[in-house]
Structures are given as structure tokens and as C-alpha cells.
1. Positive end of the charge dipole of the chain (Lys, Arg +1 and Asp, Glu -1 on Cβ, about the Cα centre): tell me which of 23, 221, 132 has its Cα farthest that way.
2. Normalising by the residue count of the chain, find the relative contact order in percent from Cα pairs under 8 Å and 6+ residues apart.
3. Against the longest principal axis of the chain, how steep is helix 23-35, in degrees 0 to 90 to the nearest 10, with axes from Cα atoms?
4. Taking R0 as 41 Å, what's the FRET efficiency between residue 178 and residue 219 from their Cβ-Cβ distance, rounded to 0.05?
5. With only Lys, Arg, Asp and Glu charged, each at its Cβ (+1 for the first two, -1 for the last two), find how big the charge dipole of the chain is about the Cα centre; round to the nearest 20 debye.
6. Mind pulling the angle between the C-alpha long axis of helix 92-115 and the longest principal axis of the chain? Nearest 10 degrees, somewhere in 0 to 90.
7. Using all C-alpha to C-alpha distances in segment 7-234, build P(r) with 10 Å bins and read off the rounded percent in each one.
8. Are there cysteines in the chain with no other Cys C-beta under 4.7 Å, and if so, which?
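Read-outs throughout are calculated quantities, based only on the coordinates presented, and are distinct from any laboratory measurement. Not measured: the values here are computed from a predicted model. Cβ coordinates were reconstructed from backbone atoms using ideal geometry, including for glycine residues, and neighbour counts include every protein chain displayed.
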Amino acid sequence: MAIKFSRTFLLRKLHQITGIVPLGAFFFVHMFTNSKAMNGEAAFEKAVQEIHDIPFLLIIEIFGIFLPLLFHSIYGVIIASEGRSNALGYSYARNWFYFFQRATGIFLFAFILFHILNLRFGLIPGLNTTAVAGNADLSFNIIASEFQIPWVMVLYMLGIAATAWHLAYGFFLFAVDWGIVIGENAQRYTLYACIALAIGLFGLGANAAVSFVRPCGLFPQALCEHKSEAIKSTKPNESRRF
Ligand code: HEM
């Protein structure tokens with residue numbers, strides 16, 4: 001017997017899948033690359049240059065990041081504006097978690113737009129005007145100059161916290177909705193694991209952000225291979241701050 005799926009059902013499944021692969025995977029890789037700032041300017045800029053050197057990068061970005069992001073964001077805003085209560089119909093706490101899932105989604109729509117215009121393209125009036133795209137050798141200083149502005153740092157911390165929650169709770173909703181965790185206990189422990197994941201992801205991203213204004217981020221400096229002094233003596237044009 002042929003099984004028929006409604007268009008809404010398929011769009012919702014596609015919405016869930018695009019949130020996990022490729023966007024979830026992208027966030028892990030993105031925070032890992034940003035964490036290289038712990039080891040200073042040269043280490044971070046080498047990592048950015050390696051990404052810029054990937055063949056067919058623009059095609060990978062369009063199909064692997066921008067189109068899934070566009071679909072996930074637009075369909076996410078449609079779901080959030082439908083105003084339906086939690087379809088899974090759970091406890092008081094879980095309804096709050098679901099509310100945060102929608103609220104962080106709407107916030108992230110604006111944050112990611114701001115973030116890409118700000119760093120990738122240098123197009124936010126009043127902030128840095130040099131694009132990281134095509135300027136890997138300036139990337140550390142571009143970001144460091146932005147993160148020295150208190151409201152920008154606070155905004156990025158909120159963006160990282162919102163992404164960490166949205167992704168980790170998204171894993172939970174995915175696991176329940178796809179019937180991967182069924183029993184009440186299994187769901188409770190999966191929820192605890194996802195909350196721990198959200199805290200871990202926030203720590204990873206917050207540490208990466210702090211690394212642009214403090215060597216080795218939130219960790220003792222002795223733990224990092226910080227070569228800033230060596231860089232200063234080998235690069236003549238080191239004083240390019242924005
Ligand atoms: C520590 C905080 C962060 C830093 C330092 C950072 C840095 C950057 C930089 C430099 C770029 C431009 C890359 C390039 O043109 O080569 C970029 C792009 C991007 N970032 Fe972030 N980011 C941070 C947090 C976030 C967060 C929380 C998200 C949310 C998901 C995010 C999502 C993106 C996306 C979607 C792009 C566009 C992808 C691309 O350019 O290929 N970033 N980020």
C-alpha cells in the first residue's frame with residue numbers, strides 16, 4: 001500500500017533535518033574554528049585562510065549553509081507565528097522549553113543576519129567596514145575590535161546562548177518526534193543530556209568569543225600556545241587595528 005505524506009508533514013520533517021544537518025554540524029565546526037583564537041592571531045588567521053582555500057567554497061556555502069539556513073529560518077518563523085501550543089503536549093517545564101525554542105529561533109533570525117553583515121561583509125553602519133571574506137589576514141583584528149565594544153560582546157554572548165539552546169533542545173524535539181526516544185524515562189534522561197549539551201556548547205562559544213579579547217579565552221594562559229609576541233616581531237604591519 002502506498003503511503004501518502006501531506007506537504008506540511010514533509011516540510012516540517014525537512015525543517016527538522018536542516019536544523020540538525022547541516023546547520024547543527026556547521027555550528028560545531030564554526031565554534032571549533034573560532035576556538036583557535038585561543039592560540040592567538042596567527043593560529044586563528046591560518047584557520048580562516050584554510051577555510052577560504054577550500055575548493056568550490058561558495059557552492060558549498062550556498063547549498064550547505066545559506067539555503068538550508070534560509071529555509072529553516074523562514075519556515076521556523078511561520079511555525080512560530082502559527083501560535084499553536086506545543087504539539088507534543090507535555091509538562092509545564094517542557095512547554096516553557098518549547099516557548100524558548102520559538103523565542104530563540106526568532107531572535108537568531110535577526111542575530112545571524114546582523115552577524116553575517118557585520119563580520120563577513122563589514123556592512124553594519126558605525127561598526128567595522130572591512131569584510132572578513134577575502135581578508136583572512138585581518139580577520140583576528142576585525143573581530144577583536146568589534147568584541148572590545150561592550151554591547152557587541154553582550155549581543156554575541158546572547159547569540160551564542162540562543163544558538164546553544166536552540167540546537168540542543170532541537171536535538172531533543174527531533175529525537176522525540178522521530179520516535180527515537182519513546183519511554184517517559186528515556187525522554188527525561190535525553191532531556192537532561194540535551195540541557196548538558198546546551199551548557200557545553202555555550203561554554204565552547206563563550207570561550208571562543210573571549211579569546212579575541214583575552215589570550216587563551218577563559219582558560220589559564222599557560223594552557224595555550226600563544227605566539228603573539230613572536231608575531232609582532234616578524235610582521236612589519238602589525239598595528240592594524242580598526
Ligand atoms: C564567537 C562568536 C563568533 C565569531 C567570532 C564568529 C565569526 C564569524 C566570521 C569571521 C564569519 C565570516 C567567515 C568568513 O567570511 O570567512 C562568520 C560567519 C558565519 N557565522 Fe559566525 N561567529 C560567531 C558566532 C556565531 C553564531 C552564534 C552563529 C549562529 C549560528 C554563527 C553563524 C554564522 C554563519 C551562518 C556564518 C556565515 C557562514 C559563512 O560565512 O560561510 N556565528 N562567523
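1. It is 23, whose Cα lies furthest towards the positive end.
2. Value for the chain: 28 percent.
3. That works out to roughly 20 degrees.
4. Numbers: r = 37 Å, r/R0 = 0.90.
Given R0 = 41 Å and the Cβ-Cβ separation, E is 0.65.
5. Roughly 520 debye, rounded to the nearest 20.
6. 40
7. Going from the shortest bin to the longest, the percentages are 7, 30, 33, 20, 9, 1, 0.
8. 194
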